[in-house]
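Below: one structure, written as structure tokens.
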Amino acid sequence: MSPATPTLLYIDDDATLARLVDRGLTRLGLQVVHAASGEDGLNRLREGGIDVVALDQFMPGLDGLETLARIMAIPAAPPVVFVTASQDSSIAVTALKAGAADYLVKDARGDFIPLLHVAVDGALRQARLQKARDEAEAEVHASRDRYAALAAEREVLLREVNHRVGNSLQIIASLLHLQANSSTQDDVKAALTNAMGRVAAVAQVHRRLYTSHDLKSVLLNQYLDALLDDLRRSAEGNRMSQLTLKAEPVEIDPDRAVAIGIIVNELVMNAVKYAYPDCAGPIHVVLGVEGDDLSLSISDDGVGLNGKNDPRSTGMGQRIVGAMAAKLEASVERDPNHSGTRIVLRFCRTKVPGARPAGAVAK
């Protein structure tokens, strides 16, 4: 459509009036094409190049309303100004409901031509606005589709990354396990076993992420259950045969899940090594919800504070628990009323800037 000289298709069986319309609208900057019937008008529309239509109501063959209905069925049809000699307002309502952009009453002398020019100009402006809106909506939909495709691709890539990282960490944990089994020195074996548990704690998070529908959070209860299964399988003999978990379903972001897993690993291994020096015993991991906060406790019924310090202890576990507790902004307390050892951590589900965690406690 050319904004400088729009082309009007004037459909009217009155040739004299059509000539008046042609002269009048040409002087006002329009190019006018005449069709003497509805069928001729539809054929001319199919040829293209028409920007706006002025359509008479009363014509032999197809009348104006029938022609209007067929024009509206044409994809990307130009706007139509409905023209009639009738004063019946119901015709105007019918034409506008059928899709006409405007409506006006004509006379035989051509006095309506200035009004027709105003109506045509308004219809053209309305069509340009509608086209702009349609293009804007199409661009919004296209942008949304592109965003959805990029988001889906990003999710696939993240799953693949988590899959590969999880596999790599699992390989490292397996190598540490093999090395621990081949070692003849107890302190080396213990150090390698501890390292294997720490790697497995991180690997479990990645395993959860690439097998989950949600890459932004981890179900903490399921994660801890899988982590404790890993610890049971890696333990010598039945040292963790009485390791239990009681956990409410809680979603948490992966970074915080890693810190929690490492803490659980350290404190469980701590209980295995020091709470029951000569046999297996119960070790309980409990995850609870306290309002907006979470509580995590690891307890045993072993020797507790009455036990002697093990000379093999390097304090590494305590430093790791302290570092992970600081990452969680968690308070860490030892329950003084518990007969064995019970460590309780309390922290928010999400990171709270400015919070000051208490110092960690571990043997």
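No lab work stands behind these numbers, since they all come straight from the coordinates. Just so it is clear, the structure is predicted and the values come from calculations on it, not from any experiment. In this analysis, Cβ positions are derived from the backbone assuming ideal geometry, glycine residues included, and neighbour counts consider all displayed protein chains.
Contact annotation: no residue pair with Cβ atoms under 6 Å, 6 or more positions apart or on different chains, pairs a residue in the stretch 240-262 that is closer than 14 Å to residue 325 by Cβ with a partner that is of a type in the set (Phe, Trp, Tyr). For the stretch 158-188, filtering for residues that are more than 18 Å from residue 217 (Cβ to Cβ) and either without any contact (Cβ under 8 Å) to a residue 12 or more places away in the chain or of a type in the set (S, T, N, Q) (or both) leaves 15.
In this structure, does residue 117 turn out to be in contact with a helix residue (DSSP H, G or I) (Cβ under 7 Å, 6 or more places away or on another chain) and assigned to a helix (DSSP H, G or I)? Yes. Scan the stretch 36-73 residue by residue and report those that are in contact with a Pro (Cβ under 7 Å, 6 or more places away or on another chain) and among the β-branched types (Val, Ile, Thr). The answer is 50, 52, 53.
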